[in-house]
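Asker: Attaching a single structure in structure tokens format; questions to follow.
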Amino acid sequence: MDIKEQLRQILSRRIMIIDGAMGTMIQTYKLTEEQYRGERFKDITQPVKGNNDLLVLTQPQIIKEIHAKFLDAGADIIETNTFNAQAVSLEDYKMGDLAYEINFEAARIAKEVAAEYTAKDPSKPRFVAGAIGPTTKMTSMSPDVNNPGFRALTFQELVDAFTVQINGLLDGGADMILLETVTDTLNVKAGLFAANTIKEERGIDFPIMVSGTITDASGRTLSGQTPEAFWNSVSHADLLSIGLNCALGAKDMIPHIAELSKVAWVYVTAYPNAGLPNEFGQYDESPEAMAKVVEQFLKEGWVNMIGGCCGTTPDHIRAIAEKARNYAPREVPALAM
């Protein structure tokens, strides 16, 4: 049985649980510049503290430990530590040439932990989603208000960067590809083009998940789309799921996930932040409070997969998973022809 069919069988029975925030967990280790560098990069000139993706090479045991904590909390799907691991973002640290290696190692580490947990309980298989963030640049908008026609990079440059990342993730063992925190729909189209080209060239198939982010009270993505418009822009792709994550806490995400649930003919995911950040950039919403709000998503039958983004710890995921056990998954509507 291939991964797609395996996932569909599980999703027909229950709501699956996505893990929580890798970045939040890394922060709890209070790593120094030296720890980020490790032995391999101890002599480089540029600072790398904050390059969380690099930790799969320099502190792999920490990343493995974080994955295990989320699996212990009940996660079915863990995301690789690769949110910024494509050449466009890595070049901020002058490490663009490490993109393939970082993605390969991140997927290998996650797959190793997931396999261990699946072996312990084969009735609850665990899966690895190769996480791909929005990058640090946009292809549909200019970063220069005085030059609206300027673009920081081309569509093809983004396709090339995503191609390296996706190949690394797949070679390392990722079960699916997750294009997440989408702010610019043209960026995610580059990712979808890269993924589908890889499918054709390598003669393989793998599930693709897409998750957008609503940036403010306007209810739109950064490139100006409502949830329904965002779905319409990517619905041509062969997607396993569409969803929303980040930016908003669960309470503020309610109308947007409800809208998406009504229009999408694929599975729907939601993994909100633990509320909104306070004045110190910290997330204060407790696991109990977040799970109580998320329960509305479950009661209304809006989601097939649920989890957490910024600020969510294993305790948040555990509380959400306990709620999810009591509810049936969203029924996916048939595609109207």
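Asker: Taking Asp252, is it of a type outside the set (Val, Ile, Thr), assigned to a helix (DSSP H, G or I) and under 18 Å from Ile18 (Cα atoms)? Before the answer, list the steps.
Answerer: Values: of a type outside the set (Val, Ile, Thr): yes; assigned to a helix (DSSP H, G or I): yes; under 18 Å from Ile18 (Cα atoms): no.
Here the answer is no, as Asp252 does not meet what is asked.
Asker: Another question about this same structure. Please note which helices (runs of 4 or more DSSP H) are completely contained in the range 1-57 and include at least 1 residues that are in contact (Cβ under 8 Å) with a residue 40 or more places away in the chain. Please lay out each step first, then the result.
Answerer: Details: elements: 3-13, 22-27, 33-37.
Because the criterion is at least 1 residues that are in contact (Cβ under 8 Å) with a residue 40 or more places away in the chain, the helices (runs of 4 or more DSSP H) in the range 1-57 that meet it are 3-13, 22-27.
Asker: Can I ask one more? Filter the range 213-244 down to the residues that are touching a Phe, Trp or Tyr at 6+ places or on another chain (Cβ under 7 Å) and closer than 23 Å to Ser12 by Cβ, then identify the one that is surrounded by the most Cβ atoms within 10 Å (Cβ to Cβ). Walk me through it before giving the result.
Answerer: Let us first name the residues in the range 213-244 that are touching a Phe, Trp or Tyr at 6+ places or on another chain (Cβ under 7 Å), namely 221, 240-242.
Now drop any that are not closer than 23 Å to Ser12 by Cβ, which leaves 240-242.
Details: Leu240: 23, Ser241: 23, Ile242: 25.
By that ranking, first place goes to Ile242.
Asker: I would also like to ask the following. Just to check your reading of the model, which residue among Ala114, Ala106 is part of a helix (DSSP H, G or I), in contact with a His (Cβ under 8 Å, 6 or more places away or on another chain) and within 13 Å of Gly172 (Cβ to Cβ)? Give the steps one after another, and end with the answer.
Answerer: On the way: Ala106 fails: in contact with a His (Cβ under 8 Å, 6 or more places away or on another chain).
Just a single option satisfies the conditions, and that option is Ala114.
Asker: Now for a separate question. Among (1) under 24 Å from Gly307 (Cα atoms); (2) touching a helix residue (DSSP H, G or I) at 6+ places or on another chain (Cβ under 9 Å); (3) without any contact (Cβ under 8 Å) to a residue 60 or more places away in the chain, which single condition is Ala194 missing?
Answerer: (1)
Asker: Within the range 69-103, how many residues turn out to be assigned to a helix (DSSP H, G or I), within 27 Å of Ile10 (Cβ to Cβ) and within 17 Å of the chain's Cα centre (by Cα)? Steps first, answer last, please.
Answerer: Looking only at the range 69-103, we keep the residues that are assigned to a helix (DSSP H, G or I), and these are 69-72, 87-93, 96-103.
This time we only want the ones that are within 27 Å of Ile10 (Cβ to Cβ), so: 69-72, 103.
Now drop any that are not within 17 Å of the chain's Cα centre (by Cα), which leaves 70-71, 103.
Selection size over the range 69-103: 3.
Asker: Also: Does Val303 fit the bill of being within 19 Å of the chain's Cα centre (by Cα), among the β-branched types (Val, Ile, Thr), part of a loop (DSSP other than H, G, I, E, B) and buried (at least 23 other Cβ atoms within 10 Å of the Cβ)? Before you say what the answer is, go through the steps one by one.
Answerer: Details: within 19 Å of the chain's Cα centre (by Cα): yes; among the β-branched types (Val, Ile, Thr): yes; part of a loop (DSSP other than H, G, I, E, B): yes; buried (at least 23 other Cβ atoms within 10 Å of the Cβ): yes.
Judged against the criteria, Val303 is a match.
Asker: Quickly run through the range 96-122 and pick out the residues that are loosely packed, with under 15 Cβ neighbours inside 10 Å and under 22 Å from Phe83 (Cβ atoms). Explain how you work it out, then say what you get.
Answerer: Going residue by residue through the range 96-122, those that are loosely packed, with under 15 Cβ neighbours inside 10 Å are 97, 115-116, 119-122.
Asp97 - this is the single residue of the range 96-122 that is loosely packed, with under 15 Cβ neighbours inside 10 Å and under 22 Å from Phe83 (Cβ atoms).
Asker: Among the residues of the range 306-337 satisfying the criterion of being of a type in the set (Val, Ile, Thr), touching a helix residue (DSSP H, G or I) at 6+ places or on another chain (Cβ under 8 Å) and assigned to a loop (DSSP other than H, G, I, E, B), which is surrounded by the fewest Cβ atoms within 10 Å (Cβ to Cβ)? It would help to see each step written out before you state the result.
Answerer: Filtering the range 306-337 down to residues of a type in the set (Val, Ile, Thr) leaves 306, 312-313, 317, 320, 332.
Imposing the further condition that a residue be touching a helix residue (DSSP H, G or I) at 6+ places or on another chain (Cβ under 8 Å) reduces the set to 306, 312-313, 317, 320.
Checking the rest, the ones that are also assigned to a loop (DSSP other than H, G, I, E, B) come to 312-313.
On the way: Thr312: 29, Thr313: 20.
If we take residues in the range 306-337 being of a type in the set (Val, Ile, Thr), touching a helix residue (DSSP H, G or I) at 6+ places or on another chain (Cβ under 8 Å) and assigned to a loop (DSSP other than H, G, I, E, B), then Thr313 is surrounded by the fewest Cβ atoms within 10 Å (Cβ to Cβ).
All of the numbers you see were taken from the coordinates with simple rules; none came from a lab. What you are looking at is a predicted structure, and each value in this text was computed from that prediction instead of being measured. A quick note on method: Cβ atoms are made from the backbone with ideal geometry, for glycine too, and the neighbour counts reach across all protein chains shown.
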